[in-house]
Structures are given as C-alpha cells and as structure tokens.
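I have placed the structure first, in the form of structure tokens, so that the comments after it can refer back to it.
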Amino acid sequence: MSKKLSTEPYKGVRDFYPEDQAFLNALFKTMRTFLEKVGYVEYHASILEPSELFKSKGADNEEIINEQSYTFVDRGEREVTLRPEMTPTLARMVAHKRRELGFPLRWYSIPNCFRYERPQRGRLREFWQLNVDIFGSRSIYADAEVIGTAYGLMRALGGTESDFVIKVGSRPAMNKVAEDAGLSPETTKKFFGLLDRRDKISKVDFEAGLREVGVSPAVVSADAVPEDIAKMIEEFRAAGVNNIVYDPAIVRGFAYYTGIVFEVFDTHPQNNRAVGGGGRYDNLTALFDDEPLPGTGFAMGDEALRLFMEVRGLIPEYVSPTQVYVAVTAPELALQAQTLAGEMRRGGVNVAIDFGERKLGDQIKVAAKHKIPWLIVVGENELTSGEFKIKNLASGAEEPVQREKLAAFFSDKK
RNA sequence: GUGCCUAUGGUGUAACGGUUAACACUGGAGCUUGUGGAGCUCUCGAUCAGGGUUCGAUUCCCUGUAGGCACCCCA
C-alpha cells in the first residue's frame, strides 16, 4: 500500500472551512462597509511582485527579503516574491498613475501576504492584512483621520474603549532627541531599538540602556508629549475618544516611517499584543520618481483581529447562508423538489435540496448539522394539497404556508 | 536562527513497565414504515519514525520528524 498524504495544511497557513470562511467574509464586510462610509475605495493587486520591489527600501531590509520572504525564480529567469506586505505595491500603483489619480487619495485593500518565519500565536506564514492609506496630504489632520479610522474600525468590530488603546509616537520627536543628545547614526539605531523593546524589558534596564546611549530618561517619558500630538489627543478627547495616548516607545522598527506613528493594542490580559499599526511616510514613491508624495496609513492583520474578537466573545455564531433545506420523502420526488426550490430561488431565497436517498430523520440531521435555519418537507401530501409545513430547526416550531407564498415567507428573514 | 513544551482512531481523553490499547463524540450500516434533528443495535478507525534499556515499552532513554509556545525579527 502506498503511503498516504497528510491532510494537514502547509506549515503556517490555514484551511478555511465554511465556518472559518464565513467569519473572514464577515470581518471583511465590516471593514469594507466602514471604510467606504468614511470615503475610502478598494484597490487590489497580484500577490506576485518582482523581488526588487521589496529589496530597495533600505539596506536594513536586505535580510528580511532574503530570509523572511517566499522568493523564487520563474521560468523566464525573473526573481519574484510573494508579497510580504502591501505598501510597496501600493506605492508602485500610485506612482504609476500619480498624474491622473487626484489627491488626497483614500485607498484600502485586504490582501493576503506571505512571510517565511516560524509560526506562533497570532503570527502565521499567510495572513490577510487590511491596508488603509491616504496619499497626497501633509496635514496632521490626515494622520488624525487615519488614527480615527483605526479607532472607528475597532469600534465597528464590537470593541469598546477599554478593549484597546491606541499608542501614538513620533519619529521626528525621537530623531530630535537623538540629535540633541548628539548621537551618531549607529547609536541612534541602538536608541530606537531600545525604545522598541521597552515593554519587553524592565524599567531599570530600559533606563540604564538610555543612559548608556546617552539619552536622559526624562525626555522619553510619557509626560514629554510633543506639541502636535498633545493637540491631536486633546481634539480626540473633545470628540469623545478617550483611549488614545502618547507613547514615546512607539517607533515602528526601522521601516519607512517619517512622522507620527501609532499602534493599536489589545488590552486583554491574555491577548496583550498589537493588532495593527501605521504612521506617516513621506518618501515612499521615491523608488519610482523624484517628486516626493506624502502619505499616511495603517495595517491590521486578520488573525490578530480574530483573537481580539474571540477573547471577548465578539465572534457571532455561524449560520449557513443557505436559508432553507428541502427534504424529500422518496427519491422519486427529487425532481419535484427541484421545481419547488426553483420557485423559491426566483423569489430570492437561498435553497438547497436533499436527493431523498436517506430517511427523513437523517435529512433533518444534515440540515441541522449544516446550521441551515429552515426545513421544508416535500412529499405526496404536500404536493397534492399545495400546503407545506415550514420547520424552524432552532425552535422546532412548524408553520403551514401555501406553495405560492413560500418565497415571500422567507424574504423578510435574511 | 535559539530555547522550552507536546506527540495514542477524524476529534477530545484513558491505560502503576505487564491480558486482545479503553471511553465519549464524529463517521458508516440497521431498527423504529412522514417531523423520529431522539433512542437502541452493530460497525470502520490509533500508540509519529528509527534506534536503545527490559523477559516484556503507549509508558523509560537517545536521535529524527511534526506541532505548539516564547525569543530573534516583526516590513
């Protein structure tokens, strides 16, 4: 006997069974509805990009491309990469048509991305990542809008203000701290790395590290709020948004950010993690042309959001998109059941039928197992009388309905 | 890349180093001849791989593999 294949999915990627896919779809639907309400439009692109797109962001990122991406050579000797993030693609698309797009531009996308790394809780090799960006504005109100949009989305997903906190930091402010302290580029890098790690090390170690690089702990305290951020936080307060705070340790790695940066943190004790983050970048299209195009935006991962919702019971119970299951009392009636299903479908109802190969009890079982809310039995009696009993599988209640009124019965029960 | 933990049917668990690896759920078949999504009967199905210790290994040891978690990194 030959060795059978494993039924496990490839390392770090997920199978989406109908219930999983239903959740993902619902999550995306909430995202789309909310973002389109506040003026964003959706774009998309291929998952494949030439590798060089991800290589040129800066010397520091060489390693990321070589070791943490899916890169291979195609049959035409081109080096290609499965996108590990969407921003370079976005920059490419915007730069490609910048003369005809019209700014400010509000775009969003929900791409799947791949990163070659060891999977762990909340971090997988394939993930979907909402990307929200505004191009063509230097206004701090664009930054504020992006932060407010992240806030609004968290609320739209069912989060309350105590469920998450948005920590806002400032690259320029920290650059100035480094400059005032007379730090060399290497020491500045060390300083930023220290800031990034602050929440993972003790306060004593953090402050000792600061003194080591030559920065006073006082200037990186949460009390030393940069003026523009203080004003922004105050304006959010006035608008009734109270969980946005200044945090000097938010610097977002060594990425392309040049201005305000922020991260959305889950406050649940068992789920203390960033669910997303972003900030301002003013030089992104520099890869493609000479005229700088400012932008600001953020990204959120599907798995981090799912965990956020899961620990709070915000994930709704699955119900099949199929509204009605048509059971038949004998195989010979399958065609009649098809006809009936067709009538209901024309009336806008989602209907699946059984082929009558198994007993009525088993057919009911299948409908219940598939979480289909309603059941209709097609038998000789019903076909003759034209009256069908509609069974609610959740409550067990039954209700007689005339054949021609079936579709109407369900039309208000979506 | 580093460290820690885990590995028994499809799923969740059980088995002091000692009979034929047990139980529940799920799946399949049947009975109850159209409301029985229940009940009853039957049934398919597992010790990750390779070494070692032992009279005897699911159990102890080693290696490998896989998975999980944390670190590194996090675009």
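The values are calculated or read from the model by the stated rules, or taken from the named source; none is laboratory data. Worth saying up front: this structure is predicted, and the values here are computed from it rather than measured. Note that each Cβ is placed from the backbone with ideal geometry, even for glycine, and that neighbours are counted across all protein chains shown.
Of the residues A:Arg138, A:Arg155, which single one is of a type in the set (D, E, K, R) and either within 15 Å of A:Thr30 (Cβ to Cβ) or not assigned by TED's automatic domain parsing to the domain that holds A:Lys190 (or both)?
On the way: A:Arg138 fails: either within 15 Å of A:Thr30 (Cβ to Cβ) or not assigned by TED's automatic domain parsing to the domain that holds A:Lys190 (or both).
Criteria check complete, one pass: A:Arg155.
Could you please let me know if A:Lys371 is among the charged types (D, E, K, R), in contact with a Ser or Thr (Cβ under 6 Å, 6 or more places away or on another chain) and either touching a residue at least 24 places away in the same chain (Cβ under 8 Å) or within 13 Å of RNA strand B (Cβ to nearest atom) (or both)?
It is true that A:Lys371 is among the charged types (D, E, K, R), in contact with a Ser or Thr (Cβ under 6 Å, 6 or more places away or on another chain) and either touching a residue at least 24 places away in the same chain (Cβ under 8 Å) or within 13 Å of RNA strand B (Cβ to nearest atom) (or both).
Within region A:72-86, can one find any residue that is away from RNA strand B (no atom under 16 Å from the Cβ), among the aliphatic types (A, V, I, L, M) and within 19 Å of A:Gly297 (Cβ to Cβ)?
So far as region A:72-86 goes, no, none of its residues is away from RNA strand B (no atom under 16 Å from the Cβ), among the aliphatic types (A, V, I, L, M) and within 19 Å of A:Gly297 (Cβ to Cβ).
This table checks each residue for (1) surrounded by 21 or more Cβ atoms within 10 Å (Cβ to Cβ); (2) hydroxyl-bearing (Ser, Thr, Tyr); (3) at negative phi.
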position: A:Ala95; (1), (2), (3): no, no, yes
position: A:Phe103; (1), (2), (3): no, no, yes
position: A:Arg121; (1), (2), (3): no, no, yes
position: A:Asn131; (1), (2), (3): yes, no, yes
position: A:Phe135; (1), (2), (3): yes, no, yes
position: A:Thr160; (1), (2), (3): no, yes, yes
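Do the conditions hold for A:Asp143, that is, is it more than 19 Å from A:Arg273 (Cβ to Cβ) and within 16 Å of RNA strand B (Cβ to nearest atom)?
No: the conditions fail for A:Asp143.
Would you mind stating whether A:Phe388 is more than 29 Å from A:Tyr17 (Cβ to Cβ), within 9 Å of RNA strand B (Cβ to nearest atom) and surrounded by 12 or more Cβ atoms within 10 Å (Cβ to Cβ)? Explain how you work it out, then say what you get.
Working: more than 29 Å from A:Tyr17 (Cβ to Cβ): yes; within 9 Å of RNA strand B (Cβ to nearest atom): yes; surrounded by 12 or more Cβ atoms within 10 Å (Cβ to Cβ): yes.
Judged against the criteria, A:Phe388 is a match.
Okay, residues lined up against (1) in a helix (DSSP H, G or I); (2) modelled with pLDDT under 95; (3) not assigned by TED's automatic domain parsing to the domain that holds A:Pro269:
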{"residue": "A:Gln129", "(1), (2), (3)": "no, no, no"}
{"residue": "A:Ile134", "(1), (2), (3)": "no, no, no"}
{"residue": "A:Ala144", "(1), (2), (3)": "yes, no, no"}
{"residue": "A:Ala150", "(1), (2), (3)": "yes, no, no"}
{"residue": "A:Glu161", "(1), (2), (3)": "no, no, no"}
{"residue": "A:Lys176", "(1), (2), (3)": "yes, yes, no"}
{"residue": "A:Ala208", "(1), (2), (3)": "yes, yes, no"}
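Within region A:362-380, track down each residue that is crowded, with 17+ Cβ neighbours inside 10 Å and of a type in the set (D, E, K, R).
Result: A:Lys371, single match.
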